[in-house]
Every structure is written in structure tokens, then in C-alpha cells.
Amino acid sequence: MADKKFTVLDLLDLELSGHDALDLKCIAGRRGLPRAITVPELNRPGLALSGFYESFASNRVQIFGRGETAYLQKLHKEKNTDSIRNFFRSQMPCCIFTYNLEPTEDFRSIAEESYCPLLQTSLTSTEFSNRIIRVFANQFAPHQTLHGVLVEVYGIGILLSGHSGVGKSETALELVERGHRLVADDIIEIRCVNGNIILGRGANTVISHHMEIRGLGIINISQLYGVGAIRDQKEVQLIVQLEDWNASKAYDRLGTESKYKELLGVKVPVIEIPVRPGRNLPIIIEAAAMNERLKNMGYNSAKDFNQNVLKWIETGEAQTVYNGNDDSY
Amino acid sequence: MIEKILTVQNRAGIHARPAAIIAQTSNKFESEITLTRDGATVNAKSIMGVIAMGAGYNTQLTMQVIGPDESEAASVIEELFNSKFEEE
């Protein structure tokens, strides 16, 4: 899937607040703002500034903390601008000065000549590094767009999938009516943020929380049902595949075997529910959500059931060996 | 499998009404029909999907049709785009 480039300008424009805020401003090299950040990593350029360029990670965002800034002051006193010119020979995405530190005049003017953006933040190097790594994890997470409806039922994120017209939106509407939440209808964007969690949300903020119901048209769930009926994003914990009842297909009648579907490398449990007039889908989905909660807590009802049946059969056979076919005591 | 590049010829782009026409027409066919714009693919049978592409005037979309009635579906949808969804 073609990705839009994540530029330094995009980094500056991110709307982050509270403990996520980066507090960045551009202090020089504005012409380089369209440069793209291609790797989600940081580099402290101490070695490069002192002349050692082997393994210089020039494609990373460069962080200038107190040590690096002091070194720039030293270079300035020695009237040495060669180190700085060599440094800017590589096309790094940008340089960020922490603690609101200022670059030296030489550094600033050579950066302007090389079109390299210089940014500044009031945060400490450590705090800034922690926060920007989180931003990168979000931006660079593998993502994909799916067709389906994402709802939250009893705290479990459920992705309803199936052919157009099978009843996903209508089922979701009834679930909302019953007090559950709609995350997004139709176009779901999923992201794998840390390798084992899939976060889903509406792919488009303009149409988010709207649903299309055949016969009704497009309705706005947040206006009809209120803010308690919607959610902006939710982990995808269960996939419910709705399909038209197929008489020749063997549907799962035990529930002891878990089937999984792989989304962006993460295995998500799947259940297939046949759709037929008269079958109450929302109730089945609520039961599935509660069952999933139970499984997550360690209780697998179907397997417990089978264990009990096995024990019961064993004790039944043991009694027959003792008593034989004779019922008398 | 049929793949064609279609161009949006309506001044207003693909807003709710043309999206509804595309979705309704696509639903008449058994084949799977998708529209791709800049790498993002949506199911043409879903109105929300088609709207979400945000395709304006002169946008190029790639249509992909797979199924038993693919040639008929592809030509009908291409005709829809060319007739500017009966808007102008």
C-alpha cells in the first residue's frame, strides 16, 4: 500500500497534548521542512561531529542535547567550521535541540545553506526521546484497510465481516441500540502498534460514526444515539464472519477448536456465524463477546464441558465394572 | 480479472449521490468490484467506502473486477463514469 511520506513539517503539525506533547518549533532551515523522516529512530551525533563518520546514521533524526551543544561552542571557539560542513554533507531529516538550547551561528548558517531544518524543544533529551519514539511507533506501524464494521461489545472489540448486504451494518445498529458502541462502519483502518495488538479505527474522520442502512440511507450514530454510543478506536479482539446459511457447510457446533485469522502478523480469533431470517444475530454476538471475555480470563466453557463429560463417562464406566448389569444393592 | 483506469469527470467529484449510484450498480453484479486510489483500496459495493476515497474532479481510480460477470460489470461501471453519473 502506497504510504504518504512523513515529513518534518508533519512532525511539527502533529496535534499532541499533555504527556505526549513534543513542544517543537522550527528555528532555522525552513526550506528543508518537506524532508521525509524515513526511519523511526534517533541519533546523538557526538561521534560524527568529532570526525568519526563510520556507521553514521545520517538517515535518522539527530538530537542535540547539552553535550553536543557544548561541543559546538568548543568548535566555534576554535573557529572550526569544517566539522560542521562535513556533518551537513549527509542529508539528515532534521536536527532537534533539546532543553531550548541554541545552536551556534556557524551551525545555524551552514544548516540554512544545506536546507536542513533545525527544530527546538523545551523538553529534556530523555523525555523528548521517549515521546518522539512513541510518535514514531504510531506513524510507522504497519497498517491496512479492511471492509467491515468495528464495534465494541462488553469491552471486546469485534470486527463484523462478510459480503455486502449480509447484514453487518444492521446488526451493528441493533448492537448500538442495545447499549454497545460503534467504532467505525465500512472502512476500517487497522494498525499493528507493538507486534501483538491490532488497533482499529475509522479510516476517514469526515464520515466516521456514520452508517449506511439500506432503505434508510446514511445516518449519523453520534447524533442519533449520543456520545456514549461511539468510540474512536478499539483493539480488534474477535472477528465475526457473517455469511449466508449454507446447508452443506459444517458450522462449528462445539467451540473447542479456536480458528484464527492473521491480520498484520497477529493472530485474531475468528468465529463464523450463519445468517438466516429469524436468527437473532445481536444476541449471538453478545454471547460471543462474553465467551471471549471468559476465555481471556482463562475459562474455556466448551473445553470445561468436555472435561466434565469425560469424567462423567469414566465414573459411569467404573460403576458398571463394580456393579455389573445388576442393579441390586 | 479485469482492471481499468477510470477518471472522475464530474466537477463536484464523487460525493454522496454518485457514490450511491456506483454502490447500487456494483451490487447488481456478483463479481467483486474494488476501486483503488493512491494505493488505498475500497469495496465499490459500499457507499461509505466510495465516499471515503474523497475522489475529486480529474482523479484517476483503478477499478478491478473479479467474478463470473466481470466484463459486463466493468463496462457498465466505466459507462457510469463516462456519463458523469447523469449529473451534467
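Can you find a residue in region A:201-223 that is part of a strand (DSSP E or B) and under 25 Å from A:Asp20 (Cα atoms)? Yes - at least one qualifying residue is present in region A:201-223.
With respect to A:Ile218, is the statement that it is assigned by TED's automatic domain parsing to the domain that holds A:Gly162 and under 19 Å from A:Gly165 (Cα atoms) true? Judged against the criteria, A:Ile218 is a match.
Return the only residue of A:Lys25, A:Lys5 being in contact with a strand residue (DSSP E or B) (Cβ under 7 Å, 6 or more places away or on another chain) and assigned to a loop (DSSP other than H, G, I, E, B). Only one candidate passes the filter, namely A:Lys5.
As a summary of the residue check, A:Val166 satisfies the conditions (1) farther than 26 Å from A:Ile283 by Cβ; (2) within 13 Å of chain B (Cβ to nearest Cβ); (3) assigned to a loop (DSSP other than H, G, I, E, B) except for the one numbered (1). Pull out all pairs, ordered by first then second residue, where Cβ-Cβ is under 7 Å, the residues are six or more apart or on different chains, the first lies in region A:18-36 and is over 23 Å from A:Thr104 (Cα atoms), and the second is surrounded by 14 or more Cβ atoms within 10 Å (Cβ to Cβ) and among the polar types (S, T, N, Q). Here the result reads A:Pro34/A:Thr7; A:Ala36/A:Thr7, each pair linking region A:18-36 to a residue that is surrounded by 14 or more Cβ atoms within 10 Å (Cβ to Cβ) and among the polar types (S, T, N, Q).
This table checks each residue for (1) more than 24 Å from A:Val227 (Cβ to Cβ); (2) crowded, with 17+ Cβ neighbours inside 10 Å; (3) within 11 Å of chain B (Cβ to nearest Cβ).
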site: A:Leu150; (1), (2), (3): no, yes, no
site: A:Tyr154; (1), (2), (3): no, no, no
site: A:Ala172; (1), (2), (3): no, yes, no
site: A:Gly179; (1), (2), (3): no, no, no
site: A:Ala184; (1), (2), (3): no, yes, yes
site: A:Glu189; (1), (2), (3): no, yes, yes
site: A:Gly200; (1), (2), (3): no, yes, no
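Being under 18 Å from A:Lys168 (Cβ atoms) and in contact with a Pro (Cβ under 9 Å, 6 or more places away or on another chain) is the requirement here; does B:Val8 meet it? In short, no.
Confirm whether A:Leu216 is out of contact with any strand residue (DSSP E or B) (no Cβ under 7 Å at 6 or more places or on another chain) and of a type in the set (A, V, I, L, M, F, W, C). Taking the combined requirement at face value, the residue satisfies it.
Number of residues in region B:52-64 that are within 14 Å of chain A (Cβ to nearest Cβ), at pLDDT 90 or above and crowded, with 21+ Cβ neighbours inside 10 Å equals 1. Residues that are hydrophobic (A, V, I, L, M, F, W, C) and closer than 19 Å to A:Ser169 by Cβ were ranked within region B:23-36; the one that is farthest from the other protein chains (Cβ to nearest Cβ) is B:Ile33.
State yes or no: is B:Glu79 more than 12 Å from chain A (Cβ to nearest Cβ), closer than 23 Å to A:Val166 by Cα and not hydrophobic (A, V, I, L, M, F, W, C)? No, not satisfied. Under the condition of being within 14 Å of chain B (Cβ to nearest Cβ), without any contact (Cβ under 8 Å) to a residue 40 or more places away in the chain and under 22 Å from A:Ile156 (Cα atoms), which residue from region A:203-241 is surrounded by the most Cβ atoms within 10 Å (Cβ to Cβ)? Here the answer is A:His209. Set side by side, the residues B:Gly39, B:Gly49, B:Gly67, B:Gly13 differ, and just one is touching a His at 6+ places or on another chain (Cβ under 9 Å) and within 14 Å of chain A (Cβ to nearest Cβ), which is B:Gly49.
The values are calculated or read from the model by the stated rules, or taken from the named source; none is laboratory data. Computed from a predicted model, the values in this text were never measured in an experiment. Cβ sites come from the backbone with ideal geometry, for glycine too, and all protein chains shown count toward neighbours.
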